[in-house]
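Working notes, structure below.
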Amino acid sequence: MSSRFDIIHKDTAGRIGRLTTPHGVVETPTVMPVINPNIQTIKPSEMRDFGAQILITNSYIIYRKDELREKALKDGLHSLLDFDGPIMTDSGSFQLSVYGEVEVTNEQIIDFQQKIGSDIGVPLDIPTPPDVSFERASEELDITIERLQAARKLVTGDMLLAGPVQGSSYMQLREKCARTLSETGFDVYPFGAVVPLMESYRYADLVDVIAASKKGLDPTAPVHLFGAGHPMMFSLAVALGCDLFDSAAYALYAKDRRYITSRGTYHVDDLKYLPCSCPICLKHSPEELKKAYNSTELLARHNLYVTFEEIRIIKQAIWEGNLLELVEQRCRSHPRMLEALKQMYTHSEWLEKLDPASKSTFFYCGPESAKRPEVLRFANQLERFTIRGSALIRPAPIKLDSGYDNVLIFKPPFGAYPQELGEIYPLNAEVPRTPDQESLERAYINTIKLAELNPEAEFTYLLVERFRHPMVDKLESLTNVQVIVGHNP
Ligand SMILES: [Zn+2]
């Protein structure tokens, strides 16, 4: 349990939270722009203008360069970067993963981060990449856990300490690591070494890594998805319970002349129009943006604007209770994201436990919506309906109710429910008039279960053309169900 993180609003596993650091409170979800102490495309002092509340930089880069190290030790990290808000520092683990070694120990870098006044420090963990052997992942994880536990004892001041969750692509290792770190107690939990998954569009695998790591943690602990900076996948990660992101992407993409949007990335030379209303895009034509002497800086600024715009869209969606509708829209921008959406709903049982019981109206956005946690919860609660005597199951508009003891409404993807519940969440859902096959299948599975749970009741199902599905035969085969065919509407 982290006493420095308060959750103020929830939707699915996503939340709006407040993380208290020595240099102020950060409202999450948010993105930390990555500041390279050597090259600053945009000055840290300007970052608040884009919506940044917290920055992240690399303490190892500062430690290695005499001039930077001395200034940081003398005047502090915040003076070095000229930013008076919270700053998180990485430890050199990234360099360790790229170069195989670093010239600093875990103890030295933790000590250094404390001395320069970092708000959130990171131990020198080992970011084991995906797909290595289980033996290697397991051995490196043991070293990581040992170093993190040592770091926990070394932090004595008010610096928050991050406990990175590693374990490569082995879900049991991720979950075990998260559980062990949770017992030790850290202030923020970064999920590490996920960049290779994102770079190769393995978003479905990323979903499993996040879910496994989250399942091992206290659900109230703040989570940082380390290295995730593309706004396209923020909503998905937030819905799975990630609170912090970091973006080096705004600057790196700009250097490659790439223009970020929440639907994907364009090469600036392919842009005939600028699909954005940020100050940069309003003031420049596509040609000006391509040819400007400071084109990299302009692109970096645009990239930052859209990154924070997406964060505000996500926060509003959590506030309103329609985060999953946003996720389902965003995941349609790339086939591999659509795969990730389907993968997320394989974890609906877990998500259902975290999802608030009542939210804004459920909008059915596509076949994946039939697997949403709310639909699963309805199926799990069918035992609560006790039905005796005769029962008519009908589509909402056909009113032929006289002569029945009970009237149930049939509404895909839920199935049949007592009509008096029709205005209650989630049964007041907005659904297509003509459902897709996935929605019908789920509705019939639930209706069959309801009939089986109430063997004494006699059900009459009024079937209309648009609700025809192979599962109707199975429903009709039950001894207490009779199917009659209705016309319109
Ligand atoms: Zn723009």
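The values are calculated or read from the model by the stated rules, or taken from the named source; none is laboratory data. Not measured: the values here are computed from a predicted model. For neighbour counting, all protein chains shown are included, and Cβ atoms are generated from backbone atoms with ideal geometry for every residue, glycine included. Just so you know, the surface numbers come from the protein's heavy atoms only, side chains and all, with ligands and any DNA or RNA stripped out. Shrake-Rupley method; radii C 1.70, N 1.55, O 1.52, S 1.80 Å.
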Task: Accessible-area ranking of 449, 359, largest first, probe 1.4 Å - done: 449, 359
Task: All Cα pairs of the stretch 372-470, percent lying beyond 23 Å - done: 17 percent
TODO: Determine one quarter of the surface area of the Cα convex hull of the stretch 1-128, which equals its mean projected area, and express it in nm² to one decimal.
DONE: 9.1 nm²
- [ ] Quick one: P(r) of the stretch 418-489 from all Cα-Cα pairs, 5 Å bins, percents rounded to integers, in order of increasing distance.
- [x] 3, 14, 23, 26, 23, 10, 1
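For the chain, what is the relative contact order in percent, using Cα pairs closer than 8 Å and at least 6 residues apart in sequence?
Relative contact order, the chain: 13 percent.
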Task: Dipole moment magnitude, nearest 20 debye, the chain about Cα centre, only Lys, Arg, Asp, Glu C-beta charged - done: 760 debye
- [ ] For the stretch 248-388, state what percent of all Cα-Cα pairs lands in each successive 10 Å bin, counting from 0 Å until the bin that includes the largest distance.
- [x] 10, 32, 25, 19, 10, 3, 1, 0
- [ ] Determine Rg/Rh for the stretch 302-360; Rg is computed over alpha-carbon atoms and Rh is the Kirkwood hydrodynamic estimate from the same atoms.
- [x] 1.02
Open item on the list: Only four residue types carry charge here, +1 at the Cβ of Lys and Arg and -1 at the Cβ of Asp and Glu. Report the dipole size of the stretch 25-182 about the Cα centre in Debye, rounded to the nearest 20.
Closed with: 160 debye
Open item on the list: For the stretch 163-287, what are Rg and Dmax over the alpha carbons, in angstrom?
Closed with: 17.2, 55
- [ ] Calculate I(q)/I(0) for the stretch 336-423 by the Debye formula, one identical point scatterer on each C-alpha and no solvent, and give its log10 at q = 0.17, 0.20 Å⁻¹ to two decimals.
- [x] -0.81, -1.01
TODO: Please give the solvent-accessible surface of residue 459 in Å², to the nearest 10, using a probe radius of 1.4 Å with every protein chain present.
DONE: 0 Å²
TODO: May I ask for the distance between the Cα centers of the stretch 183-217 and the stretch 403-471, given as a whole number of Å?
DONE: 38 Å
TODO: Write down the accessible area per residue of the stretch 1-40 in Å², having rolled a 1.4 Å probe over the full set of protein chains.
DONE: 41 Å²
TODO: Please report, to two decimal places, log10 I(q)/I(0) for the chain at q = 0.07, 0.12 Å⁻¹ as given by the Debye formula with identical point scatterers on the Cα atoms and no solvent.
DONE: -0.45, -1.03
TODO: Could you order 265, 12, 156 so the one with the most accessible surface comes first? Probe is 1.4 Å.
DONE: 156, 265, 12
TODO: Compare 350, 319 by solvent-accessible area with a 1.4 Å probe and give them largest first, with all protein chains kept in place.
DONE: 319, 350
Open item on the list: Accessible area of the chain with a 1.4 Å probe: how many percent of it is carbon plus sulfur?
Closed with: 50 percent
Task: Value at 222 nm in deg cm²/dmol, rounded to 500, when DSSP H runs of n ≥ 4 in the chain each add -39,500 (n - 2.57) - done: -12000 deg cm²/dmol
Task: Bins of 10 Å from zero: percent of alpha-carbon pairs in the stretch 135-222 - done: 18, 49, 28, 5, 0
